[in-house]
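Chemist: Before we start, here is the structure in question, set down as C-alpha cells.
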Amino acid sequence: YPDRLAHGNMDVYPYLLRELSQASKEAGRRLLDVCTIHYYPQGGEFGDSVTPAIQQLRNRSTRSLWDPNYIEENWLADNAATRNVRLIPRLKEWVKTYYPGTLIGLTEYNWGAEGHINGATAQADILGILGREGLDIAERWTTPATGSPAFKAFQMYRNYDGAASAFGDVAV
C-alpha cells in the first residue's frame, strides 16, 4: 500500500497504462502493444482436487472472467474493489480510459483438474468466454497432457475431428 499511496492511490495496471500512454506521446510511438495479466482462481480450484464442492466452485468461478454479478467465493470478496473481479471487462475499461488501442491478454491462467472431466468442462467454458469477450491473446499455464480431458477441451475448439477442423474465426 505505500507504493499505491505514492502513486495517486491507483491500481497498478491503470497507473502503468496511464504512464505508458504519456511516455508514448512523448516518444512519438506506441510503447505497449498488449497489456496482459496472470490470473488464477483463488478458492482452491487451481489444483487437482475434484471433491464435489471444488467441482461446483470450479464451474462457478469461471464467471470471475466476465460476470459483474458474480461475487468471489474467496478472500477477494473481503475487498469491495475485488469482490466482483470481472477481469476481461475491467481490463477493457482500464485500456479505454488510460491507453486506448492497447490489446488485452491473459498470459497465464489455469483452473486445474486437468485429468478430470471437471477440469475439461471448466477449460472449455473458459475458451468460450475468452472468445465471446473478445480477448486478444490467452496463454494457459502448462500444456495439458495429450489425451487428457483438459487437452480434449482444446481439441474440441481447434481440432475436433483429428483433421485440424476448427470453428474458424467465429467466437462461440
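The values are calculated or read from the model by the stated rules, or taken from the named source; none is laboratory data. No experiment lies behind these values; they were computed from the predicted model shown. Cβ coordinates were reconstructed from backbone atoms using ideal geometry, including for glycine residues, and neighbour counts include every protein chain displayed. Just the protein is used for accessible areas: all its heavy atoms, side chains included, with ligands, DNA and RNA removed. Shrake-Rupley method; radii C 1.70, N 1.55, O 1.52, S 1.80 Å.
Chemist: Does any residue in the range 129-141 that is within 13 Å of LEU87 (Cα to Cα) come within less than 8 Å, Cβ to Cβ, of a residue that is surrounded by 16 or more Cβ atoms within 10 Å (Cβ to Cβ) and of a type in the set (S, T, N, Q) six or more places away or on a different chain, and which pairs are these?
Modeler: Within 8 Å, the pairs are ILE129/THR62.
Chemist: Only one residue in LEU91, LEU20, LEU31 is open to solvent by less than 30 Å² (accessible area, probe 1.4 Å) and of a type outside the set (S, T, N, Q). Which one?
Modeler: LEU91
Chemist: How many residues are open to solvent by 20 Å² or more (accessible area, probe 1.4 Å) and aliphatic (A, V, I, L, M) if we restrict to the range 58-75?
Modeler: The qualifying residues number 1.
Chemist: Sticking with this one: Picking from TYR13, TYR39, which residue would you name as being in contact with a Cys (Cβ under 9 Å, 6 or more places away or on another chain) and open to solvent by less than 80 Å² (accessible area, probe 1.4 Å)?
Modeler: On the way: TYR39 fails: in contact with a Cys (Cβ under 9 Å, 6 or more places away or on another chain).
Residue meeting the stated conditions: TYR13.
Chemist: To continue, here is another question. Show me the helices (runs of 4 or more DSSP H) entirely contained within the range 3-115 in which 3 or more residues are touching a Phe, Trp or Tyr at 6+ places or on another chain (Cβ under 7 Å).
Modeler: On the way: elements: 12-27, 52-61, 87-98.
The qualifying helices (runs of 4 or more DSSP H) are 12-27, 87-98.
Chemist: While we're here: Using the structure shown, decide if LYS92 is among the basic types (Lys, Arg), touching a helix residue (DSSP H, G or I) at 6+ places or on another chain (Cβ under 8 Å) and closer than 24 Å to PHE167 by Cβ.
Modeler: When the stated conditions are applied, LYS92 does not pass them.
Chemist: Return yes when ALA124 is of a type in the set (A, V, I, L, M), out of contact with any strand residue (DSSP E or B) (no Cβ under 6 Å at 6 or more places or on another chain) and farther than 25 Å from PRO68 by Cα and no when it is not.
Modeler: no
Chemist: For ARG140, state whether it is surrounded by 12 or more Cβ atoms within 10 Å (Cβ to Cβ) and within 29 Å of ASN9 (Cα to Cα).
Modeler: When the stated conditions are applied, ARG140 does not pass them.
Chemist: Check whether at least one residue in the range 98-110 is buried (at least 18 other Cβ atoms within 10 Å of the Cβ), out of contact with any Leu (no Cβ under 8 Å at 6 or more places or on another chain) and modelled with pLDDT under 95, and report yes or no.
Modeler: So far as the range 98-110 goes, no, none of its residues is buried (at least 18 other Cβ atoms within 10 Å of the Cβ), out of contact with any Leu (no Cβ under 8 Å at 6 or more places or on another chain) and modelled with pLDDT under 95.
Chemist: Can you go through TRP94, TRP75, TRP66 and tell me which one is among the aromatic types (Phe, Trp, Tyr) and at pLDDT below 95? Give the derivation first.
Modeler: Working: TRP94 fails: at pLDDT below 95; TRP66 fails: at pLDDT below 95.
Every option except TRP75 fails the conditions.
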